[in-house]
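To start, the structure under review is shown below, and the notes come after it.
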Amino acid sequence: MEKKEIQLRCVMPAVALRGLTIFPHMIIHFDLSRDRSILAVQQALMEEQKLFLVTQKNSQVEEPGQEDLYEIGTVALVKQISKLPGGLVRVLVEGVCRARLAELEVLSGIKEGEDYLQAQVLLLEEERENREEEEEFSNEEEAMVRHLKEILAEFMLYYPKIGKSLSSQVDKLTDLSQLLDQIAINLPITYEKKQLILQTLEVENRYSEMVKILLKEIEIGKLKNKLTEVVRDKVEENQKEFLLREQLKYIRKELGEEAEFTDTERFQEALDKLKAPKEVKEKIAKEISRFKKLSSHSSEMAVERGYIETLLELPWEKMSKDNLDLEGAERKLNEDHYGLEQVKERILEFLAVRALNKKGNSSILCLVGPPGTGKTSIARSVAEALHKKYVRISLGGVRDEAEIRGHRRTYVGAMPGRIVNGLKQAGVKNPLMLLDEIDKVSNDYKGDTFSALLEVLDGEQNSHFRDHYVEIPVDLSQVFFLATANSTSTIPRPLLDRMELIEVTSYTANEKFHIAREHLVEKQLDKNGIPEGALVFSDRALKDMIQFYTREAGVRGLERQIGTVCRKAAREILKDKEKKIRITGSNLGKYLGKRKYTLDKINEKDEIGIVRGLAWTSVGGDTLQIEVNMMPGKGNVELTGQMGDVMKESAHAAVSFVRSVSEEYGVAADTFEKQDFHLHIPEGAVPKDGPSAGITMATALLSAVTKTPVRADVAMTGEITLRGRVLPIGGLKEKILAAKTAGVKTVLVPRENEKDVEEIPQEIKGGLEIIFVEHMQEVIRQAFVEKSETD
């Protein structure tokens, strides 16, 4: 039976499908995630809505070429597209006809970096030679259609669910080609088999392939039914065995032969020994009674057992005895940590109050400070000093309220929240519970975690804290809560109000030196297995390590550098057992390499338009040099140096102030109309923000317009208003420390920060002249070089 293919050449966008084959006359929607495929669909909509859909040979290939695609695909009409969350696009298409892929190329989209696939295809249709062959084929086709429907009827006996939907679609079909395609569309077979049907262009061959697939599926159906019967018989046998065993158990019980120690008896014995309030015991007794009535094969039994075990393990009335020895506790805190005087003082106050008032509630403290300053480690030392059980709960990244309050028992896999689990782990009702990284808690659609912490950290409410899983009020009033945070900016105000904040500031170079010498060196020597006396650090080596190899608020980086030296020394000691190594300032570079940091020193001479400001960073204080250039222009102000919005607003306020006072300093009236100003803060890759550089920027601008040099040994910090008032700022300890390190002699500080300066140790302030200012006129008077000096 001869036939020929009519081939029409067309060009259209193409989409490579993964694990999916689409046939002519098939209406289907599918999701696209690849940008190239989404762009191809959009391009088809802009043209004739025609799209060539072809299946990938390997669905793992992300960017397929022509060799990765099957030769035969389907031309389809795009009916509808809709966008889904996550960048997905859902497309509704209708298959039109088969097509052969002749050529595939990648075209660029409208936007830069976008591209899509375009295919040159040959549309495939069939046309019979003459009327006689058509009649002959019609009879043969009719026979094939009837045979196919008979096989299909047998297939439906083994797959009734598929058969219902399939029979309604194929009953009225008489065209063999359409019938074969329709069956292939609905059969639950792999896309490779469907592709085989699609690319078999000869109808007779396609019919043969389909018959093979159907007969194979019928054989599989027969085997599946046989296996189902075997399994059913086995289940009935197991049920029979279960019933017999239950009867046997009952007979033994009646005869008094059962000596098994049941879970119920074990729970009852634990309840009798439990120290707990009356209502708690009544609740547990009620749950044990319910547990006793449950069938041993009930799914509820495991849930009930876990619940009773949790209630029995909680320390309802069990407490540890606090250490009331003030001197011993103070000694322990000083041994473990250098500095942190505020924290130690507050802990000793708590001990004193507890010694006088045995029933007083525990404290809720929050240590706030930069990373690496010892906030987490001091919590363990406090627990040891007070003889309390220590429980650490990491809250970083917790965003589900159930993590704090627990899950309700109705959910599968429910369990108590972290607070109750912490009590269970401690085994007493008065442990020290560290809530680490409380500022890193986040929220999502599952609830507000911060709000759940409100009840936990409220001394007036937490004596009756309700966990969703436990359901009985739990007393948290005896728990000593100690929270840590790097910043209070992300903590809601109501939660901050419930905690006593203690600021843990950056360490000075001297404090870091003492910490390294008294704690870190010994710790790293022990950690790296260095024998006693084999490795010695000189004071100069430690000071150089702090100054030239680390730039941080805490001491984590310093400890890593000491560890690096210890590891390199360990290798030398292993080669020569008798070798004694002494690390000094001169040989430190051999172990740590070139110096990573240099001291940010002040300029050698006074300059126009350059002023040194002071900044606070997460790793301590820093000095920043603000530069202003003035050039002919139209009065534009350019701000560079990756400034944040607050800093930009502060710069504009400084410009407005300088313009308002320019006449007092002899500046021509048209200067700001005929000159452009460029204000830059070096280290442009580092983001900067905040209002504390306001007076520094104003001073630099005024210096530039008046051509007056600014003293190189002066640094300043303070927020500026439009009228030139100087407002207070934060982070003063770190800023003054940075100024001293840079060799600054005079520091200008807002008058309202005078109380903060008094709290700064003399070790930091020594050698600095700190001048308090209220208005820009005072700043200018102190910062500008007098005319007689410049002449």
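Tabulated results
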{"item": "Between the stretch 312-372 and the stretch 671-744, the Cα center-to-center distance that results, in Å", "result": "43 Å"}
{"item": "Separation between Cα centres of the stretch 12-91 and the stretch 518-536, rounded to whole Å", "result": "65 Å"}
{"item": "R0 of 41 Å, Cβ-Cβ distance residue 342-residue 683: FRET efficiency to nearest 0.05", "result": "0.80"}
{"item": "Overall form of the stretch 262-303 per C-alpha gyration tensor (a/c, 1.5; a/b vs b/c)", "result": "prolate"}
{"item": "Net charge, residue 9 excluded, C-beta distance under 11 Å - Lys, Arg +1, Asp, Glu -1", "result": "0"}
{"item": "Calculated Rg and Dmax of the Cα atoms in Å (choose from (i) 33.3, 116; (ii) 40.2, 120; (iii) 26.7, 89), label", "result": "(ii)"}
{"item": "In degrees, nearest ten, helix 645-661 long axis to first principal axis of the chain (Cα)", "result": "40 degrees"}
{"item": "Net length gained if the chain between residue 335 and residue 663 were fully extended (0.36 nm per residue, minus Cα distance)", "result": "111.9 nm"}
{"item": "Efficiency of FRET from Cβ geometry, residue 568 and residue 769, R₀ 60 Å, rounded to 0.05", "result": "0.85"}
{"item": "Solvent exposure of the chain as accessible area per residue, Å², 1.4 Å probe", "result": "54 Å²"}
{"item": "Cβ crowding within 10 Å averaged over residues, with 636-643, 736-743 ranked highest first", "result": "736-743, 636-643"}
{"item": "Prolate/oblate/rounded call for the stretch 404-465, Cα gyration tensor, a/c under 1.5 rounded", "result": "oblate"}
{"item": "Within the accessible area of the stretch 684-753 (1.4 Å probe), percent carbon and sulfur", "result": "56 percent"}
{"item": "Distance (nanometres) between label positions extended 7 Å along Cα→Cβ at residue 605 and residue 648", "result": "3.6 nm"}
{"item": "Straight-distance crosslink candidates among lysines, where the alpha carbon sits under 27 Å from residue 249 and sequence neighbours closer than 8 are dropped", "result": "234, 240, 286, 292, 293"}
{"item": "Fraction in percent of alpha-carbon pairs per bin - 10 Å, the stretch 518-643", "result": "10, 32, 23, 15, 11, 6, 2, 0"}
{"item": "Residue-averaged [θ]222 nm for the chain, counting only DSSP H segments that reach four residues, each worth -39500 (n - 2.57)", "result": "-13500 deg cm²/dmol"}
{"item": "Cα pair distances exceeding 17 angstrom across the stretch 177-236, given as percent", "result": "46 percent"}
{"item": "Computed lengthening from residue 269 to residue 68, 0.36 nm per intervening residue step minus Cα-Cα distance", "result": "65.4 nm"}
{"item": "Those lysines that a straight Cα-Cα span of less than 20 Å connects to residue 332, excepting residues fewer than 8 apart in one chain", "result": "321, 344, 375, 388, 389, 512, 523"}
{"item": "Under-14-angstrom lysine pairs by C-alpha in the stretch 549-679, whenever the two are 8 or more apart or on separate chains", "result": "4"}
{"item": "Cα-based Lys proximity count in the stretch 719-791, under 12 Å, for pairs eight or more positions apart or on separate chains", "result": "5"}
{"item": "Candidate lysines for bridging to residue 212, where Cα separation is under 17 Å - those fewer than 8 sequence places away on the same chain excluded", "result": "149, 193, 194, 222"}
{"item": "Global geometry of the stretch 29-104, whether rounded, prolate or oblate, following the gyration tensor of its Cα atoms and the 1.5 cut on a/c", "result": "oblate"}
{"item": "Relative contact order for the chain, counting Cα pairs under 8 Å that sit 6 or more residues apart, in percent", "result": "7 percent"}
{"item": "For the stretch 696-791, the Rg and Dmax computed from alpha carbons only, in angstrom", "result": "13.5, 41"}
{"item": "Cα-derived Rg over Rh, computed across the stretch 450-537 with Rh taken as Kirkwood radius", "result": "1.23"}
{"item": "Residues residue 411 and residue 251, FRET efficiency given R0 of 30 Å [Cβ-Cβ distance, rounded to 0.05]", "result": "0.15"}
{"item": "Inter-probe distance in nm under a simple model that places probes 7 Å from Cα toward Cβ, at residue 31 and residue 536", "result": "6.9 nm"}
{"item": "Ranked by how many other beta carbons lie within 10 Å on average, peptides 424-433, 602-611, 109-118 from highest", "result": "424-433, 602-611, 109-118"}
{"item": "Most positive-pole-ward Cα, 640, 541, 679, against dipole of the chain from beta carbon charges", "result": "541"}
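The values are calculated or read from the model by the stated rules, or taken from the named source; none is laboratory data. These figures come from a predicted structure and were not determined experimentally. Heads up, the Cβs are rebuilt from the backbone with ideal geometry, glycines too, and the neighbour counts pull from every protein chain shown. Accessible surface is based on the protein model in full, side chains and every heavy atom, while ligands, DNA and RNA are left aside. Shrake-Rupley method; radii C 1.70, N 1.55, O 1.52, S 1.80 Å.
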